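A.B. asks: Would you mind keeping the following structure in view while I ask a few things?
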Amino acid sequence: MRAINKATLIIEQDASNTTAQIFSALIISLQNESDFSLKDLYSLESKDFDLAMDILDEWRLDRYYLGKTKTFGAATPTTHQSHPNH
């Protein structure tokens, strides 16, 4: 199961829980590309901190592949236009 899904389960179980609130704020900040207080991560228990790191890792990897997809999508029309025989 992806880290984001694990965090979502924690949030859904009890949104008023401090850990759930931190995960929620982290996810929202990643989606909005807004600031997030790192000190909140350090207040998490070790397993939850590791989950937060997994969320960051997945987000970073997803953004990398999204960037690659956009690059390939932008290159595709150029490739076809430069070879009129296709």
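What follows is calculated from the coordinates using simple rules that are stated; it is not laboratory data. Keep in mind the model is a prediction, meaning the values are calculated, not measured. Don't worry about glycine lacking a Cβ; one is built from the backbone with ideal geometry, like all the others, and counts go over all protein chains shown.
A.B. asks: Of all residues in the stretch 25-52, how many are surrounded by 16 or more Cβ atoms within 10 Å (Cβ to Cβ) and either within 12 Å of the chain's Cα centre (by Cα) or touching a residue at least 40 places away in the same chain (Cβ under 8 Å) (or both)?
C.D. replies: Number of matching residues: 5.
A.B. asks: Is it the case that the stretch 32-49 has a residue that's under 14 Å from residue 6 (Cα atoms) and aliphatic (A, V, I, L, M)? So that I can check it myself, show each step before the final result.
C.D. replies: Kept after step one, since they are under 14 Å from residue 6 (Cα atoms), are these residues of the stretch 32-49: 47-49.
With aliphatic (A, V, I, L, M) added as a condition, the list becomes none.
No: zero hits.
A.B. asks: Filter the stretch 12-24 for residues that are under 19 Å from residue 43 (Cα atoms) and surrounded by fewer than 17 Cβ atoms within 10 Å (Cβ to Cβ) and give the result. Can you show your working first?
C.D. replies: Pass one, the stretch 12-24, residues under 19 Å from residue 43 (Cα atoms): 14-24.
Within the stretch 12-24, 14, 15, 16, 17, 18, 21, 24 meet the criteria.
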